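Novice: What follows is a structure written as structure tokens; I'll ask about it next.
Laboratory data are not the source of any read-out in this text; all were calculated from the coordinates shown. Since this is a predicted model, take the numbers as computed values, not measurements. Ideal geometry is used to build each Cβ from the backbone, glycine not excepted, and the neighbour counts take in all protein chains shown.
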Amino acid sequence: MNTINHVAIIMDGNGRWAQQRSMPRWKGHEMGIQAVRRVSEAACRQEIPILTLFAFSSENWKRPAEEIRILFSLFQRYLVAERQSLIDNDIRVSAFGRRDRLPLFVGEALSSVEEETGSCKRLHLRIALDYGARYEIVEAARALANEVAQGKLDLEQITEEGFMRRLASDGVPDPDLIIRTAGEQRLSNFLLWQAAYSEFYFSSKLWPDFEAVDLEEAIADYRSRTRKYGALACAAG
Ligand code: FPP
């Protein structure tokens, strides 16, 4: 049976959830936050050490300004409201992605939750915010090129491991399982490097409807698979 260290989720379908109920799109995002709470607690119960959630992509800036404003204010409210419960549940929160374009109030709320939950151990809840994998890869390439230009690194010393150390996921194992909700089957610029050997699970449920049992089903499905990493089944790790 496959072990599981890291689950990543592309939370999709908030807008459709709201539209189906003739509600404004932000209502779907609000319910999406409740699903974040449920699924984080379920991840704790299922002893998953790392949960990464794609909350805001670098492409989401193309949405109407009002939707972006509401999304960020919901993030901030979540971080403030959940602070004590995260600490009580021993959940460490950290965010990755660009910080320089986030509203100040979001950056501040993030920094304080990251600091206050920094020593929590039960679950590492990673939030991708203003994240795009291509940008992350270009930044890593730029960092390496800079070190070569400065004579700190030889071209021959550039390795996969060295490249990985310059990604935002430095030190975090690659996701074993990537779940996407709402019936969509694409990566949308999420963890392109890290997904090299991830297993994929697509759920038809809209994110606000995603329950603990859906996570359990995804994990059971993952555990039943054969991971080969390019080797033969009997030799795979
Ligand atoms: C995709 O649904 C969802 C988003 C772009 C935002 C996801 C954010 C949350 C659920 C809140 C997360 C909060 C924290 C604190 C992690 P969509 O709007 O693209 O849905 P649609 O495809 O049906 O329109």
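Novice: With each pseudo-label sitting 7 Å past Cα toward Cβ, what's the VAL80-ARG38 distance in nm, one decimal?
Specialist: 2.6 nm
Novice: Largest first, please: the extent of the C-alpha atoms of the range 105-237 along each principal axis, to the nearest Å.
Specialist: Taking the Cα atoms of the range 105-237, the three principal extents are 53, 49, 29 Å.
Novice: Using Cα pairs closer than 8 Å and at least 6 residues apart in sequence, work out the relative contact order for the chain, in percent.
Specialist: 29 percent
Novice: On to the next question. Using Cα-only point scatterers and the Debye equation, what is log10 of I(q)/I(0) for the range 1-88 at each q in 0.10, 0.23 Å⁻¹, rounded to two decimals?
Specialist: -0.30, -1.25
Novice: Within the range 92-135, which GluC sites (Glu not before Pro) sit in a loop by DSSP and count at most 15 neighbouring Cβ atoms inside 10 Å? Before the final figure, lay out the partial values.
Specialist: Working: sites: GLU108, GLU114, GLU115, GLU116; in loops: none.
Sites meeting the loop and neighbour criteria: none at all.
Novice: For the range 82-201, what's the relative contact order in percent, using C-alpha pairs closer than 8 Å and at least 6 residues apart? Display every interim value, and only then the final one.
Specialist: On the way: 123 pairs, mean separation 29.6, N = 120.
So the answer I get is 25 percent.
Novice: Follow-up question, since we're still on this one. Between LEU102, LEU187, LEU153, find the one with the highest GNM mean-square fluctuation for the chain; connect C-alpha pairs within less than 10 Å.
Specialist: LEU153
Novice: Once the Cβ-Cβ distance between ARG227 and ASP100 is put in as r, and R0 is 45 Å, what FRET efficiency do you end up with, to the nearest 0.05?
Specialist: With a Förster radius of 45 Å, E is 0.75.
Novice: With the contact rule set at Cα under 8 Å and sequence spacing of 6 or more, what percent relative contact order holds for the range 1-141? Intermediate results must be reported in sequence, preceding the final value.
Specialist: On the way: 190 pairs, mean separation 41.1, N = 141.
Relative contact order comes out at 29 percent.
Novice: For TYR222, what charge total do you get from the other residues with a beta carbon under 15 Å from its beta carbon, if Lys and Arg give +1 and Asp and Glu give -1? List each step's numbers first, then the result.
Specialist: Numbers: positive: ARG180, ARG223, ARG225, ARG227, LYS228; negative: GLU47, ASP174, ASP176, GLU199, ASP214, GLU216, GLU217, ASP221.
So the environment of TYR222 carries a net charge of -3.
Novice: Could you please state, rounded to a whole Å, how far the C-alpha centre of the range 4-42 is from the C-alpha centre of the range 158-213?
Specialist: 17 Å
Novice: In nm, give the distance between the simple-model label positions of GLU216 and SER111, each being 7 Å from the Cα along the Cα-to-Cβ direction.
Specialist: Placing both labels 7 Å along Cα→Cβ, they lie 4.2 nm apart.
Novice: Apply the Debye scattering formula to the chain, with a single equal point scatterer on each alpha-carbon and no solvent, then give log10 I(q)/I(0) at q = 0.11, 0.17 Å⁻¹.
Specialist: Rounded to two decimals, the profile gives -0.60, -1.37.
Novice: Computed FRET efficiency, Cβ-Cβ of ARG142 and PHE200, R0 45 Å: what is it to the nearest 0.05?
Specialist: 0.95
Novice: In addition: Which aspartates and glutamates have a Cα less than 13 Å from the Cα of LYS121, not counting those fewer than 8 places away in the same chain?
Specialist: Straight-line reach from LYS121, under 13 Å: GLU47, ASP88, ASP90.
Novice: For the residue pair GLN185 and ARG63, what label-to-label distance in nm results when each label sits 7 Å from Cα along the Cα-to-beta-carbon direction?
Specialist: Placing both labels 7 Å beyond Cα along the Cβ direction yields 2.5 nm.
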